[in-house]
Amino acid sequence: AEEFWKALAKLPSVYDYSAYRKILERFGTHYISEGSLGGSFKAVISIDEATEKYLARETLVHHECSRTKHWVLFFPITREDCIDDDFDRPKKSGAASQNPIEKVHVEGGGVSHIAALQRVNLDDPNANWEIYSNWAESVRSFPSVIKQKLQPISELVKEVQCSGVKRLYLRRAIEQYLEENDACHCQPCRNNGMVMRDGDVCKCICKAGTTGPACENGAEVEGQQGVISGGWSCWSAWSSCSGGRRSRSRSCSNPYPQNGGQHCIGDQTQTSGCDDEEELQYLKTMEPQCFDISLPARQKCDTPPSLVNGYILNPKDSYFVGDKVEYTCTPGFYLLPHDIIECTASQTWSA
């Protein structure tokens, strides 16, 4: 906490994105404001067609039995009391063993109990119940914060010089930082794969039946060959304020829908109030010492280098230290190794 306050104190009272971005890269964009103490267990398993038929057939066979079924860890534990001509015969049945556990995620509980949950055996649902019960009991002694609510770290900017101005600028920097790291900057995945950002790396989550870094291999199991759903481009820059409102837009072009593919879901335009500008004017009266006109002008770079067979996305009139420029190529061309350059502290563009 002390390091955070020291870093806040060193922030400039003018909007220098490179300085504010360092705060975000070091401490993150959000913090946990509240949550509940407890535990959470999530498991993902796949049920194949053979097991699905097996479960349906068993329901028919034991139609006249009295059954009590508990679903624990996504595994059925069934007690069946079937009336025989001679005696009552209790039987137990569970999920078929050929269905693999794809992913297990556990929060809270003792370390040994978490490890046991991550090694559950589909062939032994009764043992799974015992493992789960032991883990649930251990959560009382080793809880974790679940059902978290997050707040931007700009809300923590208090009790430092020019706190109002710095809080406003940090909030603006968070918005810019999240936009820079949005998956809309990535090339679309093939075969309707879902694109995501993992740090500075774009990755694809492929549909069933497709594989490869860009989901370029195979074909969708449930889709039609050549049918591509649309994806949103990045939002444009906000317009100038007019009548206390501003707006921005995006297009369903990353990729465009093809061969009858689904159009993008959501709004193409967005409007908001000009609260930041109004707050800034208010702060100029409340914290006038934070708007010293004798401060040096912001450092900036020259116009970014041009690109043959390509162009700059969202060009601007000025590029200050810390600003990034993204290039894109005309159809049929690809940019290697990087498509983003940055205006560095030396007022030159990164390679």
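Exactly one residue out of GLY261, GLY322 is among the small types (Gly, Ala, Ser), closer than 20 Å to CYS162 by Cβ and modelled with pLDDT of 85 or more, and it is GLY322.
If you go through region 121-141 and pick out every residue that is outside any helix (DSSP H, G or I) and in contact (Cβ under 8 Å) with a residue 60 or more places away in the chain, you end up with 2. Just one of the listed residues (ILE32, ILE114, ILE45, ILE131) is aliphatic (A, V, I, L, M), under 30 Å from LEU11 (Cα atoms) and at pLDDT 60 or above, and it is ILE32. Specify the residue that is modelled with the lowest pLDDT; the eligible residues are those in region 90-110 that are closer than 30 Å to GLN148 by Cβ and in contact with a helix residue (DSSP H, G or I) (Cβ under 9 Å, 6 or more places away or on another chain). Among residues in region 90-110 that are closer than 30 Å to GLN148 by Cβ and in contact with a helix residue (DSSP H, G or I) (Cβ under 9 Å, 6 or more places away or on another chain), the one modelled with the lowest pLDDT is VAL104. Of all residues in region 124-167, those being surrounded by 15 or more Cβ atoms within 10 Å (Cβ to Cβ) and among the basic types (Lys, Arg) number 2. Residues that are surrounded by fewer than 18 Cβ atoms within 10 Å (Cβ to Cβ), without any contact (Cβ under 8 Å) to a residue 24 or more places away in the chain and closer than 28 Å to SER13 by Cβ occur in region 169-188; there is at least one. If you go through region 241-276 and keep only what is closer than 11 Å to GLY230 by Cβ, of a type in the set (A, V, I, L, M, F, W, C) and either touching a Cys at 6+ places or on another chain (Cβ under 8 Å) or surrounded by 11 or more Cβ atoms within 10 Å (Cβ to Cβ) (or both), you end up with CYS252, CYS264. Within region 137-177, restricting attention to residues that are acidic (Asp, Glu) and under 30 Å from CYS234 (Cβ atoms), which residue is nearest to the chain's Cα centre (by Cα)? Checked region 137-177; the qualifying residue nearest to the chain's Cα centre (by Cα) is GLU175. Within the span defined as region 81-88, every residue fails to be within 17 Å of LYS42 (Cβ to Cβ), modelled with pLDDT under 80 and among the acidic types (Asp, Glu). Restricting region 206-258 to residues that are of a type in the set (D, E, K, R) and over 18 Å from GLY273 (Cα atoms) leaves a set whose member that is modelled with the lowest pLDDT is GLU222.
The values are calculated or read from the model by the stated rules, or taken from the named source; none is laboratory data. None of these values were measured; they are calculated from a predicted model. Cβ atoms come from the backbone with ideal geometry, glycine included; neighbour counts cover every protein chain shown.
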